[in-house]
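The values are calculated or read from the model by the stated rules, or taken from the named source; none is laboratory data. All of these numbers come straight from a predicted model, not from anything done at the bench. Positions of Cβ are backbone-derived with ideal geometry, glycine not excepted, and every protein chain shown enters the neighbour counts. Remember, those area values only see protein heavy atoms, side chains included, never the ligands or the DNA or RNA. Shrake-Rupley method; radii C 1.70, N 1.55, O 1.52, S 1.80 Å.
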Amino acid sequence: MRQITLGKAVNEAIAEEMRRDDRVFLMGEDVAEAGTPFKITAGLVEEFGTGRVIDTPISEPGFVGMGVGAAMTGTRPIVDLMFGDFLFLVMDQLCNQAAKTHYMSGGKLTVPMVLRTNLGATRRSAAQHSQSLHALVAHIPGLKVALPSSAYEAKGLLKTAIRDDNPVVIFEDKLMYNDKAEVPEEEYLIPFGEAAVLRKGRDITLVGTSSMVQVCLKAADLLEKQGISAEVIDPRTIVPLDEATIVESAKKTSRAIVVDEGHQSYGVSAEIAARIAEKAFYHLDAPVLRFGAMDVPVPFSPALEDLTVPTPEKVAEAAAKICRGELVHAA
Amino acid sequence: MAEAKHNSDDYLRMYRQMVRIRAFEDQANQLYLSAKMPGLTHMYSGQEAVAVGICEALTPQDHITSTHRGHGHCVAKGADFKAMFCELLGKEEGYCRGKGGSMHIADQSNGNLGANAIVGGSMGIATGAALSHKMLGDGQVTVCFFGDGATAQGLWYEVMNMAALWGLPVIYACENNGYSEYTKTEEIAAGSMTARAEAFGIEAHSIDGQDVLAVNKLSAELVARCRKGEGPFFIELKTYRYHGHHVGDINRDYYRSKDEEAEWKTTRDPITGFGKWLQSEGIVSADDLVAINDAVKQDAEAAVQYALDAAYPDGSEVDMHVYAGTRHALSA
Ligand SMILES: Cc1ncc(C[n+]2csc(CCOP(=O)(O)OP(=O)(O)O)c2C)c(N)n1
Ligand SMILES: [Mg+2]
């Protein structure tokens, strides 16, 4: 099968959906001729014109709010938020307006809007361009949250997001834009709320989101060398969450570690770990562990930044310990 | 009174709509005072000529966004008393099945995209609706209602900039009632209101918001020009709220004098003023007006009784409408 980059997969998803449905349009800072700083949307304005690929001023609350209003009135905007860190600027429009409109109107109004943004540290971008803030929006009922972990998922999930009648926030890992994966030529969608079991195993379940899926897969390789068989699960969407697949896996392996790049405290890893603890408790042989980003602002210096993110080595070390019955505490 | 070209049916409908808003608010106030309404509400009384003058210039398909003080906009855009009172009381037959209440009342069937409890929160939504309509090429216009206090929100400046850049069919209607909560407008707004819009090259008007004909005449012109692609526009409407900031704001001498309130009510009331004009033009008699007022009051009373007797939503609705396409969010 052909291999394409995650960036190209996103571009294809947008182009295909814009060809399929005239109501779909794209707006954000430098999305047209510039194709975004990551060059993800390059070429779209040439095909669809400036009427449907709209460069906005640097007004995040303004254009996200406009996305909400447009979505309520017959069009289907894909709003590009250049960095996930800018979510803090748009919280009112996203969380007070978009998320609640369907509910507050008793189901009469809908907001079919996609907010495309990113997450991920170790790009040496410092504290305001490196955060993984998906827990913030996953906390708000009414929003759906997708976390693709590969080019294949990025395309299939984004196409599903565009067709969904709810506001969806999709986070791409900005360090993965050039990572290639097999992506079929023919059209496909990835349904929300269906986790992927990327590797089967017996001894421990590793749940990873976004680029942490790679961390989990590498950890599984390391564990295999020690004779430990790890199952790796990628939820793909955290709202809705495929709890059943995760809980069943944990019941089977009797151990679980959850790895997510959001800050470890009060985060997505905690939520998933809590659900495993609640629903698989009597099957567990070890406490469920969490790995998240260290609870510090993301530092600039590579010597410091690299200390803040989960690594395959750390995950494998903790996994090996709990498989041996040693008590450990999460990093 | 400024003149607008209408036949007497149009005039009477405008009069009746203003009376309906006043009657609705009088009933809502009573519901609060008699502890029959959950929560608080913000009365629109005194500002009727703004909502009616503008909404009478719109079609049912044209969109509006409304505010925390939104009952007037909702009525003026064509809403039904029963569904409105049911919403205020949290009943199943309310416009939002009781999930929104006074501050979120929305009436999609008449183009009302909803009230908003975030001051200035709907400015993006209105401007986005205008962007939609421009893209769809359907000629529809969106009116964004907001108060003088909301002009202090940065969002407005962001979306005005984009509306002006892209020539969007949106009218920003600022109801300047002289106060934001318990603070006089001059204490929170530097410079002039119209200059704010003019800075973006947006044509701006400032008019008497108590004169329904003047409001309607200007609105009709601007709506027609929006449909031709000449938008956006800004209107400042000078008006006054008769009640406190909300129904519980009773002792308000510390920020607003009784004399000032009496002055507006006795000399600048939009309904009395228009009623007098209708009589002087020979369109109606004093008795006709009394008959309209009485009929509307009866309607409102009947709707209140209907809403008081109506059922609350079943508890099973609590996790419905969280996600479109998912019947119950919490039971997969
Ligand atoms: C973002 C935000 N800040 C503060 C409030 C509290 N609040 C509700 S109404 C109001 C005053 C609004 O004044 P104005 O826009 O002039 O509208 P008016 O009440 O006069 O109709 C305030 C401060 C709020 N609801 N939202
Ligand atoms: Mg005010």
Exercise for the section: Scan the range B:202-223 and give yes if some residue there is within 10 Å of chain A (Cβ to nearest Cβ) and under 21 Å from the mean Cα position of the chain (by Cα), otherwise no. Expected result: no
Practice task
May I ask you to say which residue of A:LEU217, A:LEU157, A:LEU198 is more than 30 Å from A:GLY69 (Cβ to Cβ) and either open to solvent by less than 50 Å² (accessible area, probe 1.4 Å) or in contact with a Pro (Cβ under 6 Å, 6 or more places away or on another chain) (or both)?
Solution key: A:LEU217
Exercise for the section: Among the strands (runs of 3 or more DSSP E) lying completely within the range A:163-208, list those that include at least 3 residues that are in contact with a strand residue (DSSP E or B) (Cβ under 9 Å, 6 or more places away or on another chain) and of a type in the set (Val, Ile, Thr). Expected result: A:168-173, A:204-208
Exercise for the section: Sort through B:GLU158, B:GLU187, B:GLU181, B:GLU175 and tell me the only one that's within 16 Å of ligand 2 (Cβ to nearest atom) and over 21 Å from B:VAL50 (Cβ atoms). Expected result: B:GLU187
Exercise for the section: Please work out if B:ARG225 is among the basic types (Lys, Arg), within 16 Å of ligand 1 (Cβ to nearest atom) and in contact with a strand residue (DSSP E or B) (Cβ under 8 Å, 6 or more places away or on another chain). Expected result: no
Completion exercise
Within the range A:134-154, residues at negative phi and open to solvent by less than 10 Å² (accessible area, probe 1.4 Å) come out as A:HIS134, A:VAL137, A:LEU143, A:VAL145, A:ALA146, A:LEU147, A:PRO148, A:SER149, A:ALA151, A:GLU153, A:ALA154
Completion exercise
Within the range B:174-202, restricting to residues that are touching a helix residue (DSSP H, G or I) at 6+ places or on another chain (Cβ under 8 Å) and acidic (Asp, Glu), the one that is nearest to B:ILE235 (Cα to Cα) is B:GLU175
Practice task
Would you point out which residue out of A:THR122, A:THR117, A:THR75 is of a type in the set (Ser, Thr, Tyr) and open to solvent by 10 Å² or more (accessible area, probe 1.4 Å)?
Solution key: A:THR122
Exercise for the section: Assess whether A:GLY51 counts as being in contact with a strand residue (DSSP E or B) (Cβ under 9 Å, 6 or more places away or on another chain), of a type in the set (Gly, Ala, Ser), at pLDDT 95 or above and part of a helix (DSSP H, G or I). Expected result: no
Problem - Flag if A:VAL90 is open to solvent by less than 10 Å² (accessible area, probe 1.4 Å), among the hydrophobic types (A, V, I, L, M, F, W, C), within 8 Å of another protein chain (Cβ to nearest Cβ) and not in a loop (DSSP other than H, G, I, E, B) - result: no
Fill in the blank from the handout: B:ILE118 fails exactly one of (1) more than 10 Å from chain A (Cβ to nearest Cβ); (2) more than 14 Å from ligand 2 (Cβ to nearest atom); (3) within 16 Å of the chain's Cα centre (by Cα); (4) surrounded by fewer than 21 Cβ atoms within 10 Å (Cβ to Cβ), namely (1)
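Residues are listed down the side, and each one gets a yes or a no for (1) more than 15 Å from A:MET66 (Cα to Cα); (2) within 15 Å of ligand 1 (Cβ to nearest atom); (3) without any contact (Cβ under 8 Å) to a residue 40 or more places away in the chain; (4) surrounded by fewer than 24 Cβ atoms within 10 Å (Cβ to Cβ):
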position	(1), (2), (3), (4)
B:GLY78	yes, no, yes, yes
B:PHE85	yes, no, no, no
B:LYS91	yes, no, no, yes
B:GLN108	yes, no, yes, yes
B:MET123	no, yes, no, no
B:ALA126	no, yes, no, no
B:SER132	no, no, yes, no
B:GLY137	yes, no, yes, yes
Exercise for the section: List the number of the failed condition for B:VAL159; all other conditions in (1) surrounded by fewer than 24 Cβ atoms within 10 Å (Cβ to Cβ); (2) within 16 Å of ligand 1 (Cβ to nearest atom) hold. Expected result: (1)
Completion exercise
Scanning the range B:256-277 for residues that are assigned to a loop (DSSP other than H, G, I, E, B) and open to solvent by 50 Å² or more (accessible area, probe 1.4 Å) gives B:SER257, B:ARG268
Problem - Test result for A:ALA70, of a type in the set (A, V, I, L, M), facing another protein chain (nearest Cβ under 7 Å) and either touching a strand residue (DSSP E or B) at 6+ places or on another chain (Cβ under 8 Å) or crowded, with 21+ Cβ neighbours inside 10 Å (or both) - result: yes
Practice task
Have a look at A:GLU12, A:GLU17, A:GLU46 and point out the one that is surrounded by fewer than 19 Cβ atoms within 10 Å (Cβ to Cβ) and not in a strand (DSSP E or B).
Solution key: A:GLU46
Fill in the blank from the handout: Given the conditions (1) open to solvent by 10 Å² or more (accessible area, probe 1.4 Å); (2) closer than 30 Å to B:ASP253 by Cβ; (3) away from chain A (no Cβ under 14 Å), every one holds for B:THR151 apart from (1)
Handout entry: Candidate set: the range B:135-148, residues that are within 10 Å of another protein chain (Cβ to nearest Cβ) and either within 16 Å of ligand 2 (Cβ to nearest atom) or assigned to a strand (DSSP E or B) (or both); chosen: the one nearest to B:GLU221 (Cα to Cα)
Key = B:THR142
Completion exercise
By residue number, the members of the range A:180-190 that are open to solvent by less than 70 Å² (accessible area, probe 1.4 Å) and not aliphatic (A, V, I, L, M) are A:PRO184, A:TYR188
Practice task
Kindly indicate whether any position in the range B:92-115 is within 7 Å of chain A (Cβ to nearest Cβ) and within 16 Å of ligand 2 (Cβ to nearest atom).
Solution key: no
Completion exercise
Residue pairs qualifying under the 7 Å Cβ cut-off, at least six apart or on distinct chains, with the first in the range B:228-246 being more than 15 Å from B:GLY53 (Cα to Cα) and within 14 Å of chain A (Cβ to nearest Cβ) and the second being more than 15 Å from ligand 2 (Cβ to nearest atom) and part of a loop (DSSP other than H, G, I, E, B), are B:GLY229/B:GLY167; B:PRO232/B:LEU168; B:PRO232/B:ILE202
Handout entry: Residue identified as facing another protein chain (nearest Cβ under 10 Å), buried (at least 19 other Cβ atoms within 10 Å of the Cβ) and in a loop (DSSP other than H, G, I, E, B) among A:THR101, A:THR110, A:THR41
Key = A:THR110
Problem - Single match in A:ALA161, A:ALA154, A:ALA138 (criterion: hydrophobic (A, V, I, L, M, F, W, C) and more than 14 Å from chain B (Cβ to nearest Cβ)) - result: A:ALA154
Handout entry: Within the range B:278-332, tally of residues that are buried (at least 16 other Cβ atoms within 10 Å of the Cβ), free of Cβ contacts under 8 Å to residues at least 24 places away in the same chain and under 27 Å from the mean Cα position of the chain (by Cα)
Key = 1
